[in-house]
Amino acid sequence: MDVVPLGPGFAAELRGVTLADIASDDAAYAAARVAFEEHSVLVFRDQEVTDELQFAFSCRFGPPEVTKVGSQGAGSHFVILSTIGPDGKVVPPDHRLSLRNKANQLWHTDASFKRVPALTSVLSGRIIPERGGETEYVSTRLAFERLDAALRDKLENCFAWHDYAHSRGQIAPDLASPEERAALPPQCWRMVWKNPANGRGAIYLASHAYAVEGMEVLEGKKLLDELTAAATAPGTSYLHRWRKGDAVMWDNRATMHRGRPWPAHEARLMIRTTISATEADGVETMRPPSSQAAE
């Protein structure tokens, strides 16, 4: 297996190994896991991706999430990210599917709004537009390490509230349905996630974050905005341009990502599997000291 660096200090392509190898071979998985902990974003090219293979590969890394209510693929282990309607045609820009894709163009990390956050997401491109539609990544680990020591120390003892309805509300007031709001109440997480494998911290941040525990609303929003700006500064991202046969996985503890726009009349179909974080991934260290923290 060859590890080929791609981004500015993070992200790498794995060559000489396939998703099927990692799904079936302990040594291949162990090598890929080391690369995942180190590089945070892993790219696999020229893969023969099927739902079954993507699921088997994903499950190597931990317990699979069940897709939430309100999403395409709800109740399964697959999130279907598509602009294709039931009639097989591309939906108009004001359609709910298009608006949900627009929400995914905000900087975020997956599942920070859930009771159990995500370790990793695996995304495969099934129908790719001719231009646009890239996925852009930044390392919140490197962003944390760029902060001054006083702010790093402060953040390690700060907690932020995350809410699915908050990020969706930035696109349209009713984009999060009543069923989604009821199923996904706000969650509070430590603002720095330390990786148990290497001890390195990362800012745990997303467009779902709306408040900092113990701070006035405007003060907390200012801190979240400043950290987002620092993490996404020019020159710090890796832009993945999709090709047929691509699969990309990323560490939700140590990155943020966003989709990029593409021509509205062109179809795009992506399939995502998501693996929940476990105690071994550091999730228990992320919970507030008291479950009674005030919203």
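The values are calculated or read from the model by the stated rules, or taken from the named source; none is laboratory data. Worth saying up front: this structure is predicted, and the values here are computed from it rather than measured. Here Cβ is always computed from backbone atoms with ideal geometry, including for glycine, and neighbour counts include all displayed protein chains. What goes into the accessible areas is simple: the full protein's heavy atoms, side chains included, and nothing from ligands, DNA or RNA. Shrake-Rupley method; radii C 1.70, N 1.55, O 1.52, S 1.80 Å.
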Taking 0.36 nm per intervening residue step and subtracting the Cα-Cα distance, what contour gain separates S290 from R243 on full extension?
12.3 nm
Show me 24-30, 143-149 ranked by packing, highest mean number of other Cβ atoms within 10 Å first.
143-149, 24-30
Ignoring ligands, DNA and RNA, please state the percent of accessible area on the chain from carbon and sulfur, probe 1.4 Å.
54 percent
Solvent-accessible heavy-atom area per residue, rounded to whole Å², over the chain at 1.4 Å
44 Å²
Within segment 197-215, whose backbone N sits under 13 Å from a point 7 Å along Cα→Cβ of E226?
none
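When DSSP beta bridges are limited to those with both residues in the chain, what percentage is antiparallel, rounded to the nearest 5?
Numbers: 47 of 49 bridges.
Percent antiparallel among DSSP bridges in the chain is about 95.
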Multiply the residue gap between K89 and A197 by 0.36 nm, knock off their C-alpha separation, and tell me the result in nm, one decimal place.
34.3 nm
Convex hull of the chain built on C-alpha atoms - directionally averaged projected area, nm²:
14.9 nm²
With a 1.4 Å probe and all protein chains kept in place, how much accessible area does W262 have, in Å² rounded to the nearest 10?
40 Å²
Using only Cα atoms, locate the centre of segment 212-285 and the centre of segment 133-198, then give the distance between them in Å, rounded to an integer.
9 Å
